[in-house]
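The values are calculated or read from the model by the stated rules, or taken from the named source; none is laboratory data. These numbers come from a predicted model, not from an experiment. All Cβ positions, glycine included, derive from the backbone under ideal geometry; neighbour counts span all protein chains shown. For accessibility, only protein heavy atoms count, side chains too; no ligands or nucleic acids. Shrake-Rupley method; radii C 1.70, N 1.55, O 1.52, S 1.80 Å.
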Amino acid sequence: MANLNLKHIYKVYPNGAKAVNDFNMEIADKEFIVFVGPSGCGKSTTLRMIAGLEDITAGELTIGDTIVNDVEPKDRDIAMVFQNYALYPHMTVYENIAFGLRLRKLDKEEIHKRVTEAAEILGITEYLAKKPKEMSGGQRQRVSLGRAIVREPKVMLLDEPLSNLDAKLRTQMRSEIAKLHSRLNTTFIYVTHDQVEAMTMGTRIVVMKDGFVQQIDTPKNLYNYPGNKFVAGFIGTPQMNFFEGTLLKKGENVIVNFEYSEAEITVPYSMLYKAKPTYLDGKTKVYIGLRAEDISLAPDDVKNSKAVVKVIVSHKEELGNETLIYGDINMGGDGYVESSTRIIIKDNSGRDLKTGDIVDAALNIDRVHLFDRETEVSVLPRIPEFNYLDCEVKGGKLKFLGAEVELPEAVKCADVKGELLLPTDAITFGGALKADVVSCENINGVNLLALTLNGKRLYAVVDAFNGEKTMNIGIDFKKITIISNGENVVEPMPALNSLDCKFVKHKGTEEVNGKRKKVIRFGFEVADTFFEAEDSAAQKIFAVLGVKKSLLTALKMECGVYDLAVSDSGIKATVESVLDYGAEKFLKCAIGENTVYVKCDGERSGEIYLAPDFDRVGIVETERAIKII
């Protein structure tokens, strides 16, 4: 098995530059994973860390069941194909392919068997006696692949192997590599800056930018459901059209206004159920994204469309089977210059359009993408974080969507009218409210339920779904927010506790065979309380910070509200209040300047002791924001 697990992987250089920032991914056995992004995004650095050619600053890399952070490259059972072939010019093709096997001291018969099998797979048998200079670029790249596959590695790493080839050879070699993956039946990780390569080869794609993972998904999902504007613009040719605009809800419709032009379309509100209501106020700026193929100039499409805009044509590009029409939705605009009104259309209508022509274009509103103007994150996430609902609190009861529930003591507030932010994961099952199930969509292993409560839409995530038509639901009140007049009158309880922490060295003595001996122990000090660190935890701290620096670096200990427990000893805390959420009770405690929350079974007051579950604790370096454990 060659599954890989990358947990909180960082690459930080001595000057403080972060090349890779908190990379997390599980790669299944036999997957074909593609890392894609612009130059300097961290994709090759991540690949080199997997190969062992680059040190990992922090995080844990597992291949199979083995943590390989400190394992030499030659012992990781991986093979790597480089961009520049890296062939020995004085050796024949046979000798180049066999070179690594000879270094490993395999017997001649085994070497010959592997080399001839690899040559047959790659179609280079007739070139085995030739030197690299006698071969084309595509043939040399096959030799480079052959040298990798004879090792029979668990994982194949390919770092932009086709970038030196011409367009025709790249297309041919894409097919060859895809066929090779199918034949070898092993895990491939492929790096490229070419989104066409990524879309045509990968079972899943990792889109990166500035050292951060932007999105991980299948090619189809990246194309159809980009999580942000960068992914939307990077995936697809030509680049997605982006316009600036606003959304205004009027009854069951939403008016989409394109800024800097007279263009305006109407879409049904049902398309925007997942959007935050503030986006529909007619003032909040958004990016409106449409792909060139989702805009049509065909007369029948224009006639039957309810979303038509006028376009002034600037120029066109004839591509044989289709034509790219460039224009502007601002009648005074310039379709040559990329702007918030320029438009590119894939046209198959056969019309002979000329510069200056004004035409009607039908927009496929089912394919519209919307992104926040500031954060550039999708306004319509596949799995929404919140349900945004009008609500009223009266007499200790919360009213929303025609339903009424009693508020527990922890969230009781004065009578108000406002907005309820109800997280999709705060809807519980088995409660007193009866909801109808509209649909269930499995999104990358998460079941998203679309529900109606008294005829109004509601979203929830659920671990398992058995096809029920109706479900009894409730609310996890510790996760809700109630807003009135722009202020939070009820706030969620933090799910994560953060405590100031130091890594320290304790000197002491202990009795061994009747004699006192000096001992040194390393551990974590929280609020003057020492917890001895396991060797594995200490080694991670040393690996990231070094032995001396580890004792001087400010750290944070992070743990969930269920990962602290009331104990007879441990961190001294002062109980400030007991929060009763009905189904559960929690203590709000002060530890120095830190506030923490911990689940409790009964009433507590005064001073108590808390013990962290170190199997579930995270340790973060404060200055560089690196998660070490």
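Against the test of being over 22 Å from residue 324 (Cα atoms), at pLDDT 95 or above and within 16 Å of the chain's Cα centre (by Cα), the options 228, 257 yield a single qualifying residue, 228. Residue 481 falls short of the stated requirement of being more than 26 Å from residue 577 (Cβ to Cβ) and modelled with pLDDT of 95 or more.
Are any of the residues in segment 600-610 more than 26 Å from the chain's Cα centre (by Cα), hydroxyl-bearing (Ser, Thr, Tyr), within 30 Å of residue 396 (Cβ to Cβ) and modelled with pLDDT under 95? For segment 600-610, residues more than 26 Å from the chain's Cα centre (by Cα), hydroxyl-bearing (Ser, Thr, Tyr), within 30 Å of residue 396 (Cβ to Cβ) and modelled with pLDDT under 95: present. Return yes when residue 592 is in contact (Cβ under 8 Å) with a residue 40 or more places away in the chain, more than 30 Å from residue 407 (Cβ to Cβ), open to solvent by 50 Å² or more (accessible area, probe 1.4 Å) and not charged (D, E, K, R) and no when it is not. The answer is yes for residue 592.
Looking across segment 563-576, the residues that are open to solvent by 40 Å² or more (accessible area, probe 1.4 Å) and either part of a strand (DSSP E or B) or touching a strand residue (DSSP E or B) at 6+ places or on another chain (Cβ under 6 Å) (or both) come down to 565, 566, 567, 569, 572, 574, 576. Here residue 320 clears all of (1) at pLDDT 95 or above; (2) in a loop (DSSP other than H, G, I, E, B) except the condition numbered (1). When the residues of segment 323-357 are filtered to those that are part of a loop (DSSP other than H, G, I, E, B) and of a type in the set (Lys, Arg), which remaining residue is modelled with the lowest pLDDT? For segment 323-357, the residue satisfying everything is 351. Checking each residue in segment 315-374 for being in contact (Cβ under 8 Å) with a residue 60 or more places away in the chain, polar (S, T, N, Q) and open to solvent by less than 40 Å² (accessible area, probe 1.4 Å) picks out 340, 341. Scoring residue 486 on the criteria (1) out of contact with any helix residue (DSSP H, G or I) (no Cβ under 6 Å at 6 or more places or on another chain); (2) open to solvent by 30 Å² or more (accessible area, probe 1.4 Å); (3) closer than 30 Å to residue 222 by Cα leaves a single failure, condition (3).
Taken over segment 376-393, residues that are touching a residue at least 40 places away in the same chain (Cβ under 8 Å), assigned to a loop (DSSP other than H, G, I, E, B) and open to solvent by 10 Å² or more (accessible area, probe 1.4 Å) amount to 5.
For segment 289-314, the tally of residues that are over 20 Å from residue 233 (Cα atoms), open to solvent by 20 Å² or more (accessible area, probe 1.4 Å) and not charged (D, E, K, R) stands at 7. Looking only at residues in segment 179-219 that are among the basic types (Lys, Arg) and either assigned to a loop (DSSP other than H, G, I, E, B) or at pLDDT below 95 (or both), the one that is surrounded by the most Cβ atoms within 10 Å (Cβ to Cβ) is 179.
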